[in-house]
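Participant: After the C-alpha cells below, expect a handful of questions from me.
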C-alpha cells in the first residue's frame, strides 16, 4: 500500500501557487499551509514590504529560523497536506514537489492586477517585474548561503508546471493526475522532474525546413485527438532561462498546431550539465539557436519567441556585416 504523501509548492511569484494550492487542498481534502501568508503577516507586523522583509532576513536569521522550524515540525509530524512554501521541497522528503513557473511579464501583470496590501504594492508593470525579480534573487541568494541549495535548479522538484497560458483548472487536473499516479509515472518515478511546459515558449534547435513530417495531417490529428497528456514526453534542455528541444520537434510542432497550452517533457540537461559529449545546455543552446532558426519556427507556427541575448548579438553582427557573423 502506498503511503499518502504531501504536495509541496514552490515557484515564481505570480505563477498561481496560491490559487492552485487552495483548490487542490479542497479537492483532495488536505490541510493547506502557506508560508507566503506567514511572511506577509510578519512584514505587516514590522511595517515592511515583502521585499524589505526578504532583505532584512538576509541579516536576521531569526526570521527564517522561525519559519524553517515550523516546516520541519510539520514534515516530521507525518501529516499529509498541501504546503505553499519556497523551501518546503528541502524539508519534505515524502512529497510531490511541484515548481510553478510563468513568463516574467505575465507574472508581473498578474501581481499588478491583484489587490495589494501594505506589505506588497507596485505602481507599474515595469516596477512589478523588477521588484519580483529582485525579491526572487534575494531569496535565492539567502537559500544558497544558509542551506547550500539553489531553488532555481529544476532537479530539486518532481513536477514543473508552466502557467503562462494554461488555466488554473488545467494545471490543477495535471497535478492531481501526477499525485495519483496517472501522469507520466515513468518519468516521475524514474527520472524526475516531469516538465509541463507551454509549447509556445520552447525553442527549436533544428531548422524547420530540414524537419520531416511536421505537417503530416494524420499525425497532427492523432495528437490533437489524444490530447497533450497522451503525448510522449519531449526531451528538453534548460539554460536556466530558456527551454529548448533536444529530441521531439515533430511532437512539439503537433502540440502547437493542436493548440495545446501544456506539453510534457523530460529534462535531459540543465545549465552546466552536458547535452551531448561535453557540451553543456547553455553552450548547446547558444550554438544551435540562431535568429533565422527562431524566425522560421515562429512563422511556421504563428507564435513569438523572445530572442535570447546571444541571438540578438548574432543578429546585430549580421546587420553590421562583421566577418563570419552569418555562421
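Participant: Run down 128, 184 and say which single residue is over 14 Å from the mean Cα position of the chain (by Cα), crowded, with 20+ Cβ neighbours inside 10 Å and in the same structural domain as residue 67 (by TED's automatic domain parsing). Please lay out each step first, then the result.
Facilitator: Numbers: 184 fails: in the same structural domain as residue 67 (by TED's automatic domain parsing).
On inspection, the qualifying residue turns out to be 128.
Participant: Report whether or not residue 168 is touching a strand residue (DSSP E or B) at 6+ places or on another chain (Cβ under 7 Å) and touching a residue at least 40 places away in the same chain (Cβ under 8 Å). Outline the logic, then answer.
Facilitator: Numbers: touching a strand residue (DSSP E or B) at 6+ places or on another chain (Cβ under 7 Å): no; touching a residue at least 40 places away in the same chain (Cβ under 8 Å): yes.
The answer is no for residue 168.
Participant: Answer with yes or no whether residue 133 is surrounded by fewer than 19 Cβ atoms within 10 Å (Cβ to Cβ), under 17 Å from the mean Cα position of the chain (by Cα), over 19 Å from residue 270 (Cβ atoms) and without any contact (Cβ under 8 Å) to a residue 40 or more places away in the chain. Spell out the reasoning first.
Facilitator: Numbers: surrounded by fewer than 19 Cβ atoms within 10 Å (Cβ to Cβ): yes; under 17 Å from the mean Cα position of the chain (by Cα): yes; over 19 Å from residue 270 (Cβ atoms): yes; without any contact (Cβ under 8 Å) to a residue 40 or more places away in the chain: yes.
In short, yes.
Participant: Considering 134, 106, which residue is touching a helix residue (DSSP H, G or I) at 6+ places or on another chain (Cβ under 9 Å), in a helix (DSSP H, G or I) and either outside the structural domain of residue 49 (by TED's automatic domain parsing) or under 28 Å from residue 237 (Cβ atoms) (or both)?
Facilitator: Details: 106 fails: touching a helix residue (DSSP H, G or I) at 6+ places or on another chain (Cβ under 9 Å).
Only one candidate qualifies: 134.
Participant: Assigned to a loop (DSSP other than H, G, I, E, B), in contact (Cβ under 8 Å) with a residue 24 or more places away in the chain and on the phi < 0 side of the Ramachandran plot, is that true of residue 244? I'd like the intermediate steps shown before the answer.
Facilitator: On the way: assigned to a loop (DSSP other than H, G, I, E, B): no; in contact (Cβ under 8 Å) with a residue 24 or more places away in the chain: yes; on the phi < 0 side of the Ramachandran plot: yes.
The answer is no for residue 244.
Participant: Among the residues of the stretch 20-33, is any at pLDDT below 90, in a helix (DSSP H, G or I) and in the same structural domain as residue 100 (by TED's automatic domain parsing)?
Facilitator: No, there is no match, as no residue in the stretch 20-33 is at pLDDT below 90, in a helix (DSSP H, G or I) and in the same structural domain as residue 100 (by TED's automatic domain parsing).
Participant: A follow-up question, please. Residues to consider are 320, 326, 311; find the one that is crowded, with 17+ Cβ neighbours inside 10 Å, over 22 Å from the mean Cα position of the chain (by Cα) and modelled with pLDDT under 95. Outline the logic, then answer.
Facilitator: On the way: 320 fails: crowded, with 17+ Cβ neighbours inside 10 Å; 326 fails: crowded, with 17+ Cβ neighbours inside 10 Å.
Only one candidate qualifies: 311.
Participant: Of the residues that make up the stretch 148-170, is at least one part of a helix (DSSP H, G or I) and crowded, with 21+ Cβ neighbours inside 10 Å?
Facilitator: As a first pass, look at the stretch 148-170 and keep what is part of a helix (DSSP H, G or I): 154-156, 168-170.
Cutting the leftovers down to crowded, with 21+ Cβ neighbours inside 10 Å gives us none.
No, the conditions are met nowhere in the stretch 148-170.
The values are calculated or read from the model by the stated rules, or taken from the named source; none is laboratory data. As the structure is a computational prediction, the values presented were derived from the model and not from experiment. Heads up, the Cβs are rebuilt from the backbone with ideal geometry, glycines too, and the neighbour counts pull from every protein chain shown.
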